[in-house]
Amino acid sequence: MLIAAIETSCDETSVAVLRGNEKNSSVQILSNIVSSQIKLHAKWGGVVPNLAAREHVKNIIPVLQQALLSAKVQLNQVDLFSVTNGPGLIPALLVGVNTAKTLCYFHQKPLLGIHHVEGHLTGAFFDNYSTCKITPDDLPLLCLTVSGGHTQLIYSKNFLEYEIIGETQDDAAGEAFDKVAKMLEVGYPGGPIVEKLASEYLSEHGHSDTLKLPRPMLKNNNFDFSFSGLKTAVLYQWENQKNSAPEQALVDLKKQFCYEFQQAVTEVLTKKTVAAIQKHKPQTVILAGGVAANQTIRAALQKEISQNIPKTKFLSPPMTLCGDNAAMIGAAAFFRFQKLKKQNKLESLLQNWKNLPTLANASINAKLN
Ligand code: KG4
Ligand code: ZN
């Protein structure tokens, strides 16, 4: 079967075409076009929802055409359309959802709404050859989703059923990376820049012991997170130290803040995830979301797992699929479609061209279709 997928929940306009193999339950990417709006939002230091929506409107048809062309697929050959219908920025989501609805109305095809985080989680099962397969041996699984909008520990015992066992009480980890970069005036989006400056600090100085930032909620007996206090600690310490530092030392001081901030985030994420693994004993642990591109966080979690819980399989998406993209949405749609088919529940998907809701704050357990 051929699947077309659309993702416009934040600042990437993305369309993918995938081929699902129902016999062996795997799905392959034929094309995955991502048009990023980073430059547009950089001057505001964050994503401006209405600007994002306007840009999605401009880009969605050219991106769709490019995805079809590069997959060598015609629109009327697509068997299933899918779209991220939550959570995300409403003006941005609506562009993708309305495009998908129009295509489904016109071509009389089924439409499946996909939760953005289910997309990220599924994306971790792609191999480097663009094929995604999930087997019963992978379950139960535990997923640490870390992005600009989410920091959650999700446990899944049964296929496509989820329980949130811990989450941030305030900012998401990616948002904290972005805000810290803004405070230090090092650029946007913060994640990759903070990572680069942190690694420069490490190679120039080794470990930092003259700056200490808090590790929020590390000692709490639960799997929740908090990053706003860490962000405020950066703000106060930075304001305090930058005024007394000589001009020529400021660049180095910024690198030190990036290093220590990244260390604090890494330690909290890793220790909490390891505690959750020890309690829930999953077969597979997943690191997903935009922040999963961070090599320090990836390596720390992988090392902790291989040293302390070596029988647990560790997965994170190929680097090209860490950020928002439509391929992960199309893969999630393929597995959901298969499950609905087994349950004889495909009928309503043909009515989704008019019925599919758009949900800004949907939980991963919400009814999305
Ligand atoms: O999943 P994503 O592309 O969009 C959302 O669903 O939010 O995640 C974007 C977030 C941004 O906050 C960005 O700064 C962060 O992921 N990010 C990183 C890195 N690359 C992207 N954070 C830390 N290190 C990175 N290398
Ligand atoms: Zn995302």
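The values are calculated or read from the model by the stated rules, or taken from the named source; none is laboratory data. Nothing here was measured: the structure is a model prediction, and the numbers come from that model. Neighbour counts run over all protein chains shown; Cβ positions are idealised from the backbone, glycine included. Note: areas computed on protein heavy atoms with side chains; ligands, DNA, RNA excluded. Shrake-Rupley method; radii C 1.70, N 1.55, O 1.52, S 1.80 Å.
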Of (1) away from ligand 2 (no atom under 16 Å from the Cβ); (2) in the same structural domain as ASN221 (by TED's automatic domain parsing); (3) of a type in the set (A, V, I, L, M); (4) in contact (Cβ under 8 Å) with a residue 40 or more places away in the chain, ALA288 fails just (1)
- within 16 Å of ligand 1 (Cβ to nearest atom), open to solvent by less than 10 Å² (accessible area, probe 1.4 Å) and either part of a helix (DSSP H, G or I) or of a type in the set (A, V, I, L, M, F, W, C) (or both), is that true of THR122? yes
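Just checking, which of PHE314, PHE337 is among the aromatic types (Phe, Trp, Tyr), part of a helix (DSSP H, G or I) and either within 16 Å of ligand 1 (Cβ to nearest atom) or over 15 Å from the mean Cα position of the chain (by Cα) (or both)? Break it down into steps so the answer makes sense when it comes.
Values: PHE314 fails: part of a helix (DSSP H, G or I).
PHE337 is the lone residue from the list that is among the aromatic types (Phe, Trp, Tyr), part of a helix (DSSP H, G or I) and either within 16 Å of ligand 1 (Cβ to nearest atom) or over 15 Å from the mean Cα position of the chain (by Cα) (or both).
State all residues of the range 19-44 that are under 23 Å from GLU185 (Cβ atoms) and crowded, with 17+ Cβ neighbours inside 10 Å; if no residue qualifies, say none. Break it down stepwise before answering.
Of the residues in the range 19-44, the ones under 23 Å from GLU185 (Cβ atoms) are 36-44.
Those that are under 23 Å from GLU185 (Cβ atoms) and crowded, with 17+ Cβ neighbours inside 10 Å: GLN37, HIS41.
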With the first residue restricted to the range 323-349 and required to be farther than 17 Å from CYS10 by Cβ, and the second required to be in a loop (DSSP other than H, G, I, E, B) and of a type in the set (Val, Ile, Thr), Cβ contacts under 8 Å at 6 or more apart or on different chains are PHE335/ILE134
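Just to be sure before I move on: is LYS339 among the basic types (Lys, Arg) and within 27 Å of GLY148 (Cα to Cα) in the structure I sent?
On the way: among the basic types (Lys, Arg): yes; within 27 Å of GLY148 (Cα to Cα): no.
For LYS339, the condition - among the basic types (Lys, Arg) and within 27 Å of GLY148 (Cα to Cα) - is not met.
What strands (runs of 3 or more DSSP E), lying completely within the range 138-203, carry at least 3 residues that are open to solvent by less than 30 Å² (accessible area, probe 1.4 Å) and not hydrophobic (A, V, I, L, M, F, W, C)?
So the answer is 151-156.
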Of the residues in the range 62-95, those that are in contact with a helix residue (DSSP H, G or I) (Cβ under 8 Å, 6 or more places away or on another chain) and either open to solvent by 60 Å² or more (accessible area, probe 1.4 Å) or assigned to a helix (DSSP H, G or I) (or both) number 11
Selection over the range 110-119 where residues are farther than 29 Å from PHE177 by Cβ and either open to solvent by 10 Å² or more (accessible area, probe 1.4 Å) or in contact with a His (Cβ under 9 Å, 6 or more places away or on another chain) (or both) yields a count of 1
